[in-house]
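Presented below is the structure to which this report refers.
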């Protein structure tokens, strides 16, 4: 029997899109609370999470793909900065619903170049009828650092 190549992921629901990230990139999913020090546009402000001030963003607004709507099921995904930057160890991505576990299996998915023309989305992975967007976390963190003048 051949070894199956798979990665345990989490599917993050946005307004129009579904992001997919490996479980290891997500520190925690928390209930939505309005960030302090409100920002503008895609940068929503800073949120105190476990003693750290975490910048909160809307990925779709970064890509000019719709406006954020918050409601009872809105969550924030606290994402690790995988580059290990001590000035910006985390970022929060606003979600529209409760995320779900996802097993990304190589032989069941088709990887496509992103059709969004957004610098913050690397690629798209299609699974049956779902289009899962793969974010460029390095580009997202760089944009946040620039916004915060870090």
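What follows is calculated from the coordinates using simple rules that are stated; it is not laboratory data. Since we're looking at a predicted model, the values are computed, not measured. Cβ: placed from backbone, ideal geometry, glycine included. Neighbour counts: every protein chain shown.
Summary table
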| item | result |
| --- | --- |
| Per-selection Kirkwood Rh - the chain (Cα, Å, 1 d.p.) | 15.8 Å |
| Residue-averaged [θ]222 nm for the chain, counting only DSSP H segments that reach four residues, each worth -39500 (n - 2.57) | -3000 deg cm²/dmol |
| 16 Å reach of a label modelled at residue 23, 7 Å along Cα-to-Cβ, counting backbone N of the range 66-94 | 80 |
| Taking the chain and dividing mean pair separation by its residue count, relative contact order in percent (alpha carbons under 8 Å, at least six apart) | 26 percent |
| Paramagnetic label zone (point 7 Å from Cα along Cα-to-C-beta, residue 52; backbone N under 15 Å) in the range 72-97 | 77-93 |
| Distance-filtered residues of the range 27-56 - backbone nitrogen under 15 Å, label point 7 angstrom along residue 97 Cα→Cβ | none |
| Crossing angle, helix 137-148 versus the chain [Cα axis fit, 0-90 degrees, rounded to tens] | 10 degrees |
| Cβ-Cβ FRET estimate between residue 119 and residue 38, R0 fixed at 41 Å, reported to 0.05 | 0.95 |
| Estimated distance in nm for a label pair at residue 30 and residue 64, the labels positioned 7 Å out from Cα along Cα-to-Cβ | 3.2 nm |
| GNM top mover of 23, 81, 48 - the chain, alpha-carbon springs below 10 Å | 48 |
| Cα centroid separation - the range 133-147 against the range 1-63, whole Å | 11 Å |
| Residues 94, 78, 134, sorted so that the one with the fewest Cβ neighbours within 10 Å comes first | 134, 78, 94 |
